[in-house]
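The values are calculated or read from the model by the stated rules, or taken from the named source; none is laboratory data. Please read all numbers here as calculations on a predicted model, not as lab measurements. Positions of Cβ are generated from backbone atoms using ideal geometry, with glycine treated the same way; all protein chains shown enter the neighbour counts.
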Amino acid sequence: MLNDIQEVLYSEEELQAKVAELGAQLSVEYADKNPLVICVLKGAFIFMSDLVQNITVPLELDFMAVSSYGSSTKSSGVVKILKDLDVPVEGRHVIIVEDIIDSGLTLSYLIDVLERRNALSIAVVALFDKPKRRTVDLEPDYKGFTIPDEFVVGYGLDYAEKYRNLPFVGILKPEIYSH
Ligand code: PRP
Ligand code: MN
Ligand code: MG
């Protein structure tokens, strides 16, 4: 598995430091709001887990599984809900936790769904942002790192469902996905 990584982009320590920073920020802004923190499965599961441990105010969690089709390195633009939320979002301050924003299609779809369900506020926290690939107008409210247009894996991010369990984020060797 480690053989497939060309270069480590962010070490475990760098990721933890950034997640702590984001958690501290959210702790201030969501004090007394009892936010509903939504993890976008599967990619955001590790980020979500580390992030909420760095938020020091009361909150609730829920999970939503959304996927663009297939295991290709490109988003297809077709978003489907594989698992919906367990609780209503009406009247709630919602924080959507995403691992990465690429085209922005997954998030714009999700935001649209939550707006129609009358969330009181919706904020997006994304660990990684690839603005070069954006096809819709969307900016995260809280962002970890802006990254170049390279195929990154680890810390929840996959290629064909692999590499999610790496504790760091690395660039995948092109030969892994080019054949
Ligand atoms: C990845 C990633 C984001 C989305 C970003 O999820 O985790 O959710 O794509 O791409 P976009 O901005 O172009 O929509 P994926 O669909 O691969 O599902 P996964 O989280 O289960 O890996
Ligand atoms: Mn995802
Ligand atoms: Mg994926």
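Overview of results
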quantity	calculated
Some residue of segment 43-53 being part of a loop (DSSP other than H, G, I, E, B), away from ligand 3 (no atom under 16 Å from the Cβ) and at positive phi	no
Total residues in segment 28-42, condition away from ligand 3 (no atom under 15 Å from the Cβ) and either surrounded by 22 or more Cβ atoms within 10 Å (Cβ to Cβ) or not polar (S, T, N, Q) (or both)	10
Condition broken by ASP99, with the remaining ones in (1) closer than 28 Å to ASN3 by Cβ; (2) among the charged types (D, E, K, R); (3) more than 8 Å from ligand 1 (Cβ to nearest atom) satisfied	(3)
Given (1) out of contact with any Phe, Trp or Tyr (no Cβ under 8 Å at 6 or more places or on another chain); (2) within 21 Å of VAL169 (Cβ to Cβ), index of the condition ASP32 fails	(2)
Residue within segment 134-142 that is touching a helix residue (DSSP H, G or I) at 6+ places or on another chain (Cβ under 6 Å), buried (at least 17 other Cβ atoms within 10 Å of the Cβ) and without any contact (Cβ under 8 Å) to a residue 60 or more places away in the chain present	yes
Unique match (being in contact (Cβ under 8 Å) with a residue 12 or more places away in the chain, in contact with a Pro (Cβ under 6 Å, 6 or more places away or on another chain) and either among the hydrophobic types (A, V, I, L, M, F, W, C) or within 15 Å of ligand 2 (Cβ to nearest atom) (or both)) among ILE95, ILE46, ILE111	ILE95
Qualifying residue in segment 49-72 (condition: hydroxyl-bearing (Ser, Thr, Tyr), more than 9 Å from ligand 1 (Cβ to nearest atom), out of contact with any Cys (no Cβ under 7 Å at 6 or more places or on another chain) and at pLDDT 90 or above)	yes
Candidate set from segment 119-165 (those that are under 21 Å from SER68 (Cα atoms) and of a type in the set (Ser, Thr, Tyr)); member that is farthest from ligand 2 (Cβ to nearest atom)	THR135
Check on ASP102, in contact (Cβ under 8 Å) with a residue 24 or more places away in the chain, within 14 Å of ligand 2 (Cβ to nearest atom), at negative phi and of a type outside the set (A, V, I, L, M)	yes
Matching strands (runs of 3 or more DSSP E) fully within segment 63-163 where at least 2 residues are within 26 Å of GLU12 (Cβ to Cβ) and away from ligand 3 (no atom under 15 Å from the Cβ)	93-101, 121-129, 142-146
Selection status of LEU9, part of a helix (DSSP H, G or I) and either within 16 Å of ligand 2 (Cβ to nearest atom) or surrounded by 20 or more Cβ atoms within 10 Å (Cβ to Cβ) (or both)	no
Filter result for the condition that a residue is free of Cβ contacts under 8 Å to residues at least 24 places away in the same chain, exposed (fewer than 14 other Cβ atoms within 10 Å of the Cβ) and not basic (Lys, Arg), over PRO148, PRO88, PRO58	PRO148
